[in-house]
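Reviewing the structure listed below.
Taken together, the values in this text are just the output of simple stated rules run on the coordinates, not laboratory data. Nothing here was measured: the structure is a model prediction, and the numbers come from that model. Glycine also receives a Cβ, built like all others from the backbone with ideal geometry; neighbour counts cover every protein chain displayed.
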Amino acid sequence: MNRLCTLALAAACVALSVPAAAQFAKTDDAVMYRQSAMFIMSQHFGRLGGMANGRVPYDAAAAVANAEVVAAMAKLPWPAFGTGMEGGKAKPDIWKEQAKFKENQDKLQAETVKLVAAAKAGNVEALKAQFGPTGGVCKACHDGFRKD
Ligand code: ASC
């Protein structure tokens, strides 16, 4: 019985401590996953940019829909930067400065939550006011952690 418990505990520990790598069959999948999430994010962020910059007519419902996709995508890429998943455009600094990288993730998530709120305000001025700061966190992280 004791032995069984020990084994069960060990199995639970392994299951709980499986690195994020276990979520992906291979590193290439992790790279494709994080790039895909960021590609979708950029498409929808770009549509908001069109409205914020007056290139396309402001559409309040579309703004909310786009901002919600951006905020949803902003949650996704991070487990795909797990241990051993170096590659793509990711600078090695991501794995060397994990606290700083995490700070950038948190900032992005905070700004995209504000972006949804700004879109829900229902006027282009609110959207404009939050578009810049959100793009700023995209850029800051890319400057520090993405290869050219
Ligand atoms: C985008 C996109 C980025 C960011 C960044 C903002 O639409 O693809 O990487 O915005 O350019 O400065």
Open item on the list: For the ranges 88-98, 114-124, what's the packing order if you count other beta-carbon atoms within 10 Å of each residue, average per peptide, and put the highest first?
Closed with: 114-124, 88-98
Open item on the list: Can you compute 3J(HN,Hα) from phi for each residue in segment 47-63, using the Karplus curve 6.51 cos²θ - 1.76 cosθ + 1.60 with θ = phi - 60°, rounded to whole Hz and x for Gly and Pro?
Closed with: 5, 5, x, x, 6, 5, 8, x, 6, 10, x, 5, 9, 4, 5, 5, 4
Open item on the list: Can you tell me the orientation of helix 98-120 relative to the chain, as the angle in degrees between its alpha-carbon axis and the longest Cα principal axis, to the nearest 10?
Closed with: 40 degrees
TODO: Name the long-range amide H neighbours of R146: under 5 Å, sequence gap of 5 or more, or other chain; modelled H, no Pro or chain starts.
DONE: K91
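Working from the pairwise distances between different alpha carbons, so that the mean of 1/r is found and then inverted, what is the chain's Kirkwood radius in Å?
On the way: mean 1/r = 0.0589 Å⁻¹.
Radius from the Kirkwood sum: 17.0 Å.
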- [ ] Taking the dipole about the Cα centre of segment 89-148, with the C-beta of Lys and Arg at +1 and of Asp and Glu at -1, give me whichever of T134, A118, A99 is farthest to the positive side.
- [x] A99
Task: Inverse mean reciprocal Cα-Cα distance (Kirkwood Rh) of segment 36-104, Å - done: 13.7 Å
Open item on the list: Report the gain in length on full extension from Q109 to K26: 0.36 nm times residue separation, minus Cα-Cα distance, nm rounded to one decimal.
Closed with: 27.3 nm
Task: Residues whose placed amide H lies under 5 Å from that of V56, excluding near-sequence neighbours - done: M51
